[in-house]
1. Along the Cα-to-C-beta direction of residue B:361, a point sits 7 Å from the Cα; which residues of the range B:275-293 have their amide N less than 20 Å from that point?
2. For the range B:273-320, count the residues as N, evaluate 2.2 N^0.38 Å, and divide the Cα radius of gyration by that value, please.
3. For the range A:248-358, report the % of Cα-Cα distances exceeding 22 Å.
4. In 20 Å bins starting at 0, how do the alpha-carbon pair distances of chain A split up by percent?
5. When only C-alpha pairs under 8 Å and at least 6 residues apart count, what is the relative contact order of chain A, in percent?
6. Per residue of A:150-158, how many C-beta atoms from partner chains lie within 10 Å of its own C-beta, taken as a mean?
7. Of all the Cα-Cα pairs you can form in the range B:277-370, what percent are over 15 Å apart?
8. Label residue B:338 and residue A:205 with points 7 Å out from Cα along Cα→Cβ: what is the distance between them in nm?
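Quick note: the coordinates plus some simple rules give every number you see, no bench work behind them. As the structure is a computational prediction, the values presented were derived from the model and not from experiment. Don't worry about glycine lacking a Cβ; one is built from the backbone with ideal geometry, like all the others, and counts go over all protein chains shown.
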């Protein structure tokens with residue numbers, strides 16, 4: 001009914017391998033992009049940017065990054081928080097070291113630096129996998145946080161050990177610092193999110209993505225059919241680190257503006273992003289967005305409804321938030337272990353056949 | 001379903017839309033998370049005092065106080081969300097009660113023109129009002145605390161600390177690192193040896209730090225802790241039989257929560273404070289009559305008179321006095337955030353004022369000015385009496401070593417001004 005494939009015939013390989021093969025889907029995504037780029041920046045205010053859009057966009061990038069590693073290549077990682085910290089501190093050192101360069105390039109270079117660090121910590125993945133690898137990356141998490149807390153060079157020897165984002169601009173428009181307009185911060189992150197999603201989508205459906213998935217599904221079989229596990233695994237770590245680093249840089253520079261590494265990039269952050277990936281759907285770009293939206297927006301919505309709408313005491317509401325979000329996670333995973341993305345896929349299938357399901 | 005969704009969206013929009021009326025005060029509290037035990041009494045005291053003013057006096061200058069509570073969980077991201085959600089409602093002042101959140105809010109609040117009052121915490125160099133125009137940290141700050149502790153130790157040693165070893169056990173975050181530079185400067189001046197022992201968040205794991213204390217035997221231990229870290233540290237000190245009277249905590253490490261769990265062993269533990277303790281003040285009779293008996297007490301109502309309850313009430317009292325000052329200055333009862341800033345900058349706390357409020361001898365006298373947003377750095381030392389179950393003041397209020405602190409404040413604030421392109425001036 002809503003999803004028609006009749007009349008949507010493909011006559012070439014190029015047409016058949018489109019990102020959105022169904023016409024209705026394609027136009028819906030274009031419409032979302034149009035709204036995001038052309039309408040939202042004009043109506044947005046400080047609250048919506050800082051409480052809703054920035055965390056959603058930035059966590060989406062982090063979730064895409066982790067999804068490439070865990071969802072597409074099957075390498076379990078608990079080091080996301082530490083790798084985000086690498087992106088943040090790289091961005092800070094670049095911002096203070098080269099103040100005249102546009103922040104845009106700093107963010108990209110931070111991603112590159114994180115990719116390098118991530119590959120380094122990915123090396124054990126050649127010998128170990130599964131839970132053992134998870135523990136190895138957990139070590140990365142603790143080591144990196146300790147390093148940034150311990151070595152003064154990373155925080156420019158500031159008395160408090162915090163890093164603060166000074167004002168930096170793109171084309172004369174401030175993107176970091178207190179004078180940033182809401183629309184500027186929003187658009188800056190949106191551009192990164194959209195580009196990251198596009199790049200990730202194209203990587204995962206190409207040869208590289210097939211190699212990752214072959215490794216994930218059965219590494220020995222993949223090796224026999226000619227996939228080089230060394231290249232496949234390390235490239236997954238590199239690409240994942242690149243995205244996670246960008247997310248960390250944006251998180252520090254654009255969203256928070258000042259960061260204390262132990263609190264902001266602690267083990268909780270690793271778990272949060274991993275939950276986003278699991279709830280959104282392993283091995284799905286759309287799932288990364290859905291998971292980020294679920295875990296970022298739901299608590300804010302619940303808080304506003306319970307405290308702002310119903311007038312509950314704040315501590316009671318905060319405890320209920322934990323219960324509701326936790327309960328929903330359990331329900332989702334029981335009802336649909338493949339996450340929100342699979343739920344969405346099934347809904348689409350049903351809609352295509354509706355009203356004749358059999 | 002659709003209806004409910006719309007209601008939810010409307011609720012979100014309601015919170016985000018500005019509604020200017022009354023005197024709006026935001027209490028960014030934390031009643032959940034690892035620091036809740038300390039967040040609850042502070043928030044109760046903060047709220048109860050404003051409730052008292054509303055119930056007894058009908059607000060301040062005839063304007064009712066509209067108190068909004070927002071739960072941060074001591075988490076920076078939630079703190080930012082709270083700030084953004086409430087600033088549109090005409091909030092007059094923020095009291096984040098977290099060094100991490102304070103660092104986030106300093107640039108944001110400065111850009112938005114909303115004053116921050118970080119009483120006894122936050123960025124110490126915010127004392128320099130010509131750089132930090134919207135940030136206040138009176139009546140005392142961390143560097144004052146570090147100096148007060150060293151002065152107290154020096155007094156016990158007839159003014160001579162040379163050859164002594166002082167250990168600093170601190171929360172390994174911006175909060176705990178604040179006093180290090182001051183203690184190093186003071187070490188040059190007094191000739192003691194400083195030993196640094198960082199403890200990672202949240203602070204349950206301190207075995208190795210106290211092993212070091214046992215091995216290297218410092219003469220004194222100073223502590224910069226908060227929440228569960230305090231309890232663990234005091235228990236560990238009791239376990240290794242460290243003499244408690246040589247163990248001094250900053251004011252955030254000196255509440256009943258921190259010492260009670262260690263039992264009789266904690267007797268003699270010292271902590272700094274910048275306000276008086278106990279509930280033996282006329283204002284508590286009013287709180288009983290107008291707040292507790294009318295059923296308006298915040299939280300469970302069981303914290304009244306505890307150290308952190310007193311501190312929350314003191315913070316609310318200082319905010320209320322600043323509002324009164326602003327109302328007098330601008331001749332209007334319904335002040336805005338910019339006028340509130342003027343009120344805070346011209347605040348003067350005298351003994352007569354505090355006695356009239358029912359809080360005689362409750363805190364040190366001080367005067368805020370454009371150059372000095374941090375008060376005069378007066379504080380006192382309190383000591384835990386395990387048998388009576390209370391902290392008692394054991395010294396008068398005395399001043400920190402301004403000779404050492406003032407140059408540090410100037411240096412740090414000048415660095416901040418240069419980094420952020422601020423033109424200092426009054």
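1. B:275-286
2. My calculation over the Cα atoms of the range B:273-320 gives 1.10.
3. Tail of P(r) above 22 Å: 49 percent of Cα pairs.
4. Computed distribution, short to long bins: 28, 58, 14, 0.
5. Values: 539 pairs, mean separation 104.3, N = 358.
Reported as a whole number, the value is 29 percent.
6. Counting other chains' Cβ atoms within 10 Å and averaging over A:150-158 gives 1.
7. 65
8. Result for the modelled spin labels: 5.4 nm.
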